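> Starting off with a structure, shown below.
The values are calculated or read from the model by the stated rules, or taken from the named source; none is laboratory data. Because the structure is a prediction, the values reported are computed rather than measured. A quick note on method: Cβ atoms are made from the backbone with ideal geometry, for glycine too, and the neighbour counts reach across all protein chains shown.
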Amino acid sequence: MATEVRVPTLGESVTEATVATWFKQPGEAVAVDEMLCELETDKVTVEVPSPAAGTLGEIVAAEGETVGADALLAMIAEGGEAVAAPAAAPAAAPAAEGGASVDVMVPTLGESVTEATVSTWFKAVGDTVTADEMLCELETDKVSVEVPSPAAGVLAEITAPEGSTVDATAKLAVITQGAAAAAGATPAPAAPSTTVAPAPTKDVANAPSAEKMMAEKGIDAANVQGTGRDGRIMKEDVAKAAAAPAPAAVPAAPAAPAAAPRAPVAAEDEAREERVKMTRLRQTIARRLKDAQNTAAILTTYNEVDMGPVMELRNQYKAEFEKKHGVRLGFMSFFTKACCHALKEVPEVNAEIDGTDIVYKQFVHMGIAAGTPQGLVVPVIRDADSMSFATIEKSIAEKGKRARDGKLSMAEMQGGTFTISNGGVYGSLMSSPILNPPQSGILGMHKIQDRPMVINGEIKIRPMMYLALSYDHRIVDGKGAVTFLVRVKEALEDPRRLLMDL
């Protein structure tokens with residue numbers, strides 16, 4: 001028995017919607033109420049749940065198509081019934097004698113990720129594979145994704161070789177199932193990738209209807225304030241931008257070049273150079289950091305903290321702490337607690353700008369910057385302000401390990417309200433951290449170094465650390481920034497203040 005998936009009620013006066021994203025592909029199993037796709041109207045974003053459990057069959061309305069109210073979107077085959085594949089789906093490879101062919105498809109990449117690059121194939125054509133054995137690794141601008149084998153058999157064909165760019169619905173390879181296939185499969189030559197998606201220009205995709213209207217009206221997306229989820233531009237945002245009066249003419253500033261031309265290199269020097277393509281993660285890091293400089297009014301204030309009290313408290317209790325909680329007591333939990341304490345007093349550092357509004361967060365999702373072999377990533381510890389020291393340490397350790405292994409999901413790196421970056425682990429004595437947009441503040445920790453300090457008229461050697469707070473001067477004044485840093489310093493130099501909420 002097949003069940004129809006139709007456009008749900010869109011609301012009064014809304015007559016059509018655009019299919020933005022399919023979360024499931026034909027042939028995948030779905031549960032009741034599991035999200036199948038997302039629709040965008042000129043007013044809201046609507047998620048479409050599965051009306052029944054079964055297998056997703058034919059997708060009638062592909063991504064980017066405009067559909068009317070109650071239009072048919074797809075079919076769900078209940079139980080174990082066979083379902084018709086969509087007309088645009090690639091045909092399965094011919095089955096070898098004694099075995100069927102199974103396509104290896106790009107797995108779900110996550111919200112706003114539309115393409116990936118095939119970085120490494122762990123298996124070659126003709127190799128025997130087992131179910132769930134890792135076949136290849138994909139690299140997106142957010143995370144690395146491992147692709148397991150959907151079945152046991154022989155890798156008969158690779159359709160997306162290393163280095164090729166594939167979209168979220170592309171076929172990567174073909175597995176021939178069965179013992180007979182494993183014994184006599186003939187390796188097939190790797191075919192070049194035929195599915196190359198255009199490189200995204202931003203982290204989230206705009207509504208197709210908005211893209212169409214911007215093209216028709218000649219409006220640059222940079223001049224439109226998006227109100228959709230994650231800042232995506234909706235159709236009504238473009239309409240508002242088109243209706244807005246043109247600003248008064250001002251002397252145009254010279255445009256900054258996209259990149260300086262490379263200076264001529266002597267032939268003997270060029271032969272000793274190595275040219276390596278930037279990874280997608282590194283490209284995203286570069287783009288986001290430059291966007292932060294171009295958008296925010298970044299200013300940095302400095303202070304120094306005597307780490308002696310924290311070090312003494314840590315040395316006194318670290319053995320008992322690890323024995324009871326199963327995790328080591330580090331400095332990061334003290335800094336996280338101190339920052340959460342200071343953010344309560346200076347809430348603008350925990351806020352962000354949305355158009356002409358300031359959004360104050362009544363919670364702290366703490367970003368902890370972590371260096372990985374692939375580049376800098378910022379996993380987020382959610383609701384850190386309500387966590388204990390032990391819970392914070394466990395979360396940081398778990399997120400850090402997942403970051404180094406390239407296992408972080410997109411959701412684990414989104415939604416941060418404030419960030420802590422520890423350059424001291426690399427020996428940095430002082431630096432000016434750069435904001436992680438749309439956040440308005442980031443604290444930079446540095447190396448602990450013994451320095452002579454004057455205390456009560458006497459010179460004493462103390463373990464000192466420089467602290468740096470970079471902040472968005474558009475919403476954080478100098479007084480607020482200095483106050484924040486002083487509160488962090490006070491909490492670290494007398495940790496009892498955290499217990500007394502002082």
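> From 442, 455, which residue is in the same structural domain as residue 328 (by TED's automatic domain parsing), hydrophobic (A, V, I, L, M, F, W, C) and farther than 27 Å from residue 347 by Cβ?
After ruling out the rest, the residue left standing is 455.
Quick grid of which residues meet (1) at pLDDT 70 or above; (2) farther than 27 Å from residue 115 by Cβ; (3) surrounded by 10 or more Cβ atoms within 10 Å (Cβ to Cβ):
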site	(1), (2), (3)
204	no, no, yes
210	yes, no, yes
214	yes, no, yes
229	no, no, yes
233	yes, no, yes
237	yes, no, yes
250	no, yes, no
258	no, no, no
272	yes, yes, no
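> Do any strands (runs of 3 or more DSSP E) entirely within the stretch 318-414 hold 3 or more residues that are within 29 Å of residue 140 (Cα to Cα), and if so, which?
Of the strands (runs of 3 or more DSSP E) lying wholly inside the stretch 318-414, those with at least 3 residues that are within 29 Å of residue 140 (Cα to Cα) span 351-354, 366-368, 370-372, 375-377.
> From the set of residues in the stretch 22-52 that are among the β-branched types (Val, Ile, Thr) and buried (at least 19 other Cβ atoms within 10 Å of the Cβ), which is farthest from residue 170 (Cα to Cα)?
41
> Mind listing just one residue for me: the one in the stretch 31-74 that is among the small types (Gly, Ala, Ser) and assigned to a strand (DSSP E or B) and, of those, modelled with the highest pLDDT?
Among them, the one singled out is 74.
Residues are listed down the side, and each one gets a yes or a no for (1) modelled with pLDDT under 85; (2) small (Gly, Ala, Ser); (3) more than 30 Å from residue 227 (Cβ to Cβ):
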position	(1), (2), (3)
347	no, no, no
360	no, no, no
363	no, no, no
370	yes, yes, yes
373	yes, no, yes
382	no, no, no
396	no, no, yes
402	yes, no, yes
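> In this structure, is residue 356 at pLDDT below 90, more than 20 Å from the chain's Cα centre (by Cα) and β-branched (Val, Ile, Thr)?
yes
> Testing residue 390 on (1) modelled with pLDDT of 90 or more; (2) in contact with a helix residue (DSSP H, G or I) (Cβ under 7 Å, 6 or more places away or on another chain); (3) crowded, with 19+ Cβ neighbours inside 10 Å; (4) not charged (D, E, K, R), one condition comes back false. Which one is that?
Evaluating residue 390 over (1) modelled with pLDDT of 90 or more; (2) in contact with a helix residue (DSSP H, G or I) (Cβ under 7 Å, 6 or more places away or on another chain); (3) crowded, with 19+ Cβ neighbours inside 10 Å; (4) not charged (D, E, K, R) leaves (3) as the failure.
> Give the number of residues within the stretch 371-411 that are of a type outside the set (Lys, Arg) and under 22 Å from residue 342 (Cβ atoms).
Adding up the residues that qualify gives 17.
> Being loosely packed, with under 15 Cβ neighbours inside 10 Å, in contact with a helix residue (DSSP H, G or I) (Cβ under 9 Å, 6 or more places away or on another chain), closer than 30 Å to residue 297 by Cα and not hydroxyl-bearing (Ser, Thr, Tyr): is that true of residue 477 here?
yes
> Quick check on my filter: what residues within the stretch 120-138 are closer than 21 Å to residue 278 by Cα, in contact (Cβ under 8 Å) with a residue 24 or more places away in the chain and surrounded by 16 or more Cβ atoms within 10 Å (Cβ to Cβ)?
Passing the criteria: 121, 136, 138.
> Something else about it: Within the stretch 274-297, restricting attention to residues that are of a type in the set (A, V, I, L, M, F, W, C) and part of a helix (DSSP H, G or I), which residue is modelled with the lowest pLDDT?
So, considering only residues that are of a type in the set (A, V, I, L, M, F, W, C) and part of a helix (DSSP H, G or I), the one modelled with the lowest pLDDT is 281.
> Still on this structure, I have one more. Kindly indicate whether any position in the stretch 396-406 is touching a residue at least 60 places away in the same chain (Cβ under 8 Å) and buried (at least 17 other Cβ atoms within 10 Å of the Cβ).
Yes, there is a match, as at least one residue in the stretch 396-406 is touching a residue at least 60 places away in the same chain (Cβ under 8 Å) and buried (at least 17 other Cβ atoms within 10 Å of the Cβ).
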